[in-house]
Amino acid sequence: LHLFGLRLPWPEIEHAAEHHPSAVARSRPFVMLTVAMSLAAFSVYAVVVNLVPLLTERGMSTSAAAVALGLGGVGQVLGRLGYARLTAKTSVRTRTALILLASAVVTALLGVVPGPALLLIAGSVLAGVTRGIFTLVQATAITDRWGAVHYG
């Protein structure tokens, strides 16, 4: 895939105006985006750290909980594979809000659903899907809004 995919041209992204970095960094939208992404990152990665203990507390064996965690990794890959389709159908604001909301809902559900094991495993996979998409939303949050000219 790298042999073919890395030879494709980068897509052109047009931005209406160039933004000065210090003005962007002090702007309300940037600060709110930073806070939202930080809280969301804390939430989605807390699931990874706490999933096995959570599932064992809910009656699953350590091995089954580890498999559920691994299936969450499969969910991450599936989420990333579907990201292009999501970007084609949504705006950057809609996409960001949707993923932040979905990851919050899935995290909350994992915290309150007592079982059965298949439902908890499905929750782990869904958490992985939202986490996979979130990492791409997070990686492109600045460039999608303010361009890549002053990204570094």
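The values are calculated or read from the model by the stated rules, or taken from the named source; none is laboratory data. Being a predicted model, the structure only gives us computed values, none of them experimental. Reconstructed Cβ throughout: ideal geometry from the backbone, glycine too, with neighbour counts over all protein chains shown. Heavy atoms of the whole protein, side chains included, go into the accessibility calculation; ligands, DNA and RNA do not. Shrake-Rupley method; radii C 1.70, N 1.55, O 1.52, S 1.80 Å.
Between the residues A41, G70, G123, the greatest Cα displacement towards the positive end of the dipole of the chain, with unit charges on the Cβ of Lys, Arg, Asp and Glu, is found for G123. Modelled label positions at T143 and A97, each set 7 Å beyond Cα in the direction of Cβ, lie 2.5 nm from each other. Charged side chains reduced to their Cβ positions (Lys and Arg at +1, Asp and Glu at -1) give the chain a dipole of some 140 debye around its Cα centre. In region 29-152, Cα pairs under 8 Å separated by at least six residues give a relative contact order of 35 percent. Sequence-ordered 3J(HN,Hα) estimates for region 137-148 from the Karplus curve with 6.51, -1.76 and 1.60 and θ = phi - 60° stand at 4, 5, 5, 10, 4, 6, 5, 5, 9, 10, x, 9 Hz, glycine and proline given as x. Rolling a 1.4 Å probe across all protein chains gives R145 an accessible area of roughly 60 Å². Remark: region 62-77, residue by residue, has Karplus-estimated 3J(HN,Hα) of 4, 5, 5, 5, 5, 5, 4, 4, x, 5, x, x, 4, x, 4, 4 Hz, where x stands for each Gly or Pro and the curve is 6.51 cos²θ - 1.76 cosθ + 1.60 at θ = phi - 60°.
The ellipsoid equivalent to the alpha-carbon distribution of region 20-80 has semi-axes of 36, 13, 6 angstrom, derived from the gyration tensor eigenvalues as √(5λ) and listed largest first.
Of the Cα atoms belonging to region 14-152, the radius of gyration and Dmax stand at 17.2, 55 Å.
Derived scalar couplings between HN and Hα for region 84-96 equal 4, 5, 5, 5, 6, 9, 9, 7, 5, 5, 4, 4, 5 Hz in order, rounded to whole Hz, by the Karplus curve 6.51 cos²θ - 1.76 cosθ + 1.60 (θ = phi - 60°), x for Gly and Pro.
Its residue count N sets the reference 2.2 N^0.38 Å, and the alpha-carbon radius of gyration of region 101-152 equals 1.56 times that reference.
Charge tally for F30 (other residues, Cβ to Cβ under 13 Å; Lys, Arg +1; Asp, Glu -1): +2.
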